[in-house]
Amino acid sequence: MNEMTPKNPFKKSFFDLKELVDSIHENLLCPVTIEDTNHRLHAYSSHEDDTDAARIGTIISQRVPEKVINRLWKEGIIPKLMQSDAALRIPHIEDIGLRDRVAIAIRKNNEILGYIWVVEGPRKLTNEQLDLLKDAASAATPLMAKLYQNRKRKEENYQDFFWQLLTGQYKSLKEIHDKFYDLNLRMPDSFTVLTFRFQQDITRKMEEQLSYLITTSQKIINHFLVVMDEELILIASPHPSQPADEAFDDFISFFISEMANRFSILDVEGAYGTSYSDIDKAETSYQEASKVLEMKKRFPEELENVFHFRRLGVFRYMDVLHKDQHAKRYEHPAIAKLETYDRLHNSNLLKTLEVFIQQDSNMNDAAKKLFVHTNTLHYRIKRISEIGSIRLSDVNEKLGIYLDLKARKFDEK
């Protein structure tokens, strides 16, 4: 009599991910985790006492640690997982506490819904066991698809609500509180609105990439995410380990850099408004963040490293000043004299003056910025004072000229 072919344990339906993960553990005799596309943990099996630090960190925080995710991207492991239908072997990476693993993506058609991770022991999985893991990923597909649909439905329900919140459509704080209650959402104790502006409309695929990066970075606590055309808006709080400004500055720099490195999405600009405790101030914080982005667009050099509304300084009032100048057709007499002199003598005294003030009247810094010797700059500053009748030792006069010079750029832009 022929021996019967062993029955495939994954060619059946499973009640939930916990039942599936226990079945994988039972058949492969290795610790197993199942996570979604944002590396949030959804199910895990038991393990021995000597399991690795990466697995322990994942179970404790219910998501894969940020340093592990970043390293897996750097090593090209996650991109390979995303492109492969088969199980992928991941060698030991000691400095992030990751032992030898096998991983496979859970797919529905061309869409990735999550991943199965298996920690290998001294005995490596056989080819037959790797094939079983592929069947396990197929068995996980309907379970992960259900989770994905539930999450998507929830997102659609609150997208409209938060867009109305950000644009001031609600008349009272009670009305907002009632809406939070209806949607079963937790109101943050304090929050800041962060805004990112892209060079093109954000597609569904891009939105998934954005959500992935925000969720896995673990640099801020993101409460809500809204996408509108080419704009991504977050209502977030700083991570407890960092001061607010430092957390948001670091996150914006990280986000822009990683969008370019991981997904080849370039020229993203980011900014954030003031932190508030009352949720009806969301519109104010959003307007502040939008103001920063508008000023950065008009003054990219001056505001290159400015992300926070509070750090705009005098640029907070630049649009008001420009409107006043435009209405009165006002031009500072010193600027007019220097502009005429530059035109007649093919010089650049007006630009020299702007850089000098911008560098806080520091001769060495201004000379470096202008690529001239300090003696040359001393001579130019003397001529500027004479031609424009300017007292550069007077901070009020100097600041007034600087503001007028910047206000002129509104028309240039």
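The values are calculated or read from the model by the stated rules, or taken from the named source; none is laboratory data. Only a predicted model underlies this, so the values are computations on that prediction, with no experimental measurement involved. Cβ sites come from the backbone with ideal geometry, for glycine too, and all protein chains shown count toward neighbours. Ligands, DNA and RNA are excluded from the accessible area calculation, which covers all protein heavy atoms including side chains. Shrake-Rupley method; radii C 1.70, N 1.55, O 1.52, S 1.80 Å.
See the values below:
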item	result
Residue count for segment 192-214, restricted to those that are modelled with pLDDT of 90 or more, surrounded by 17 or more Cβ atoms within 10 Å (Cβ to Cβ) and more than 24 Å from residue 67 (Cβ to Cβ)	5
Residue 164, sole failed condition from (1) free of Cβ contacts under 8 Å to residues at least 40 places away in the same chain; (2) closer than 27 Å to residue 245 by Cβ; (3) surrounded by 13 or more Cβ atoms within 10 Å (Cβ to Cβ)	(2)
Selected residue (criterion: nearest to residue 280 (Cα to Cα)) from residues of segment 238-257 that are at pLDDT 90 or above, in contact with a Ser or Thr (Cβ under 9 Å, 6 or more places away or on another chain) and buried (at least 19 other Cβ atoms within 10 Å of the Cβ)	248
Residue tally, condition open to solvent by 20 Å² or more (accessible area, probe 1.4 Å), within 46 Å of the chain's Cα centre (by Cα) and either of a type in the set (Lys, Arg) or under 17 Å from residue 336 (Cβ atoms) (or both), over segment 386-395	1
Which listed residue is assigned to a helix (DSSP H, G or I) and either under 29 Å from residue 320 (Cα atoms) or touching a residue at least 40 places away in the same chain (Cβ under 8 Å) (or both), from 381, 357	357
Members of segment 278-293 that are under 14 Å from residue 167 (Cβ atoms), touching a residue at least 60 places away in the same chain (Cβ under 8 Å) and open to solvent by 50 Å² or more (accessible area, probe 1.4 Å)	280, 283
Scope segment 249-262; condition of a type in the set (Phe, Trp, Tyr) and more than 9 Å from the chain's Cα centre (by Cα); matching residues	none
Matching residues, segment 86-102, being in contact with a helix residue (DSSP H, G or I) (Cβ under 6 Å, 6 or more places away or on another chain), open to solvent by less than 20 Å² (accessible area, probe 1.4 Å) and within 20 Å of residue 128 (Cα to Cα)	90
Residue list for segment 294-316, restricted to those being touching a residue at least 24 places away in the same chain (Cβ under 8 Å) and open to solvent by 70 Å² or more (accessible area, probe 1.4 Å)	297, 310, 316
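Yes/no per residue for (1) under 24 Å from residue 268 (Cβ atoms); (2) touching a Phe, Trp or Tyr at 6+ places or on another chain (Cβ under 7 Å); (3) part of a helix (DSSP H, G or I); (4) among the polar types (S, T, N, Q):
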site	(1), (2), (3), (4)
141	no, no, yes, yes
145	no, no, yes, no
148	no, no, yes, no
162	yes, yes, yes, no
175	no, no, yes, no
185	no, yes, no, no
200	yes, no, no, yes
214	yes, no, yes, no
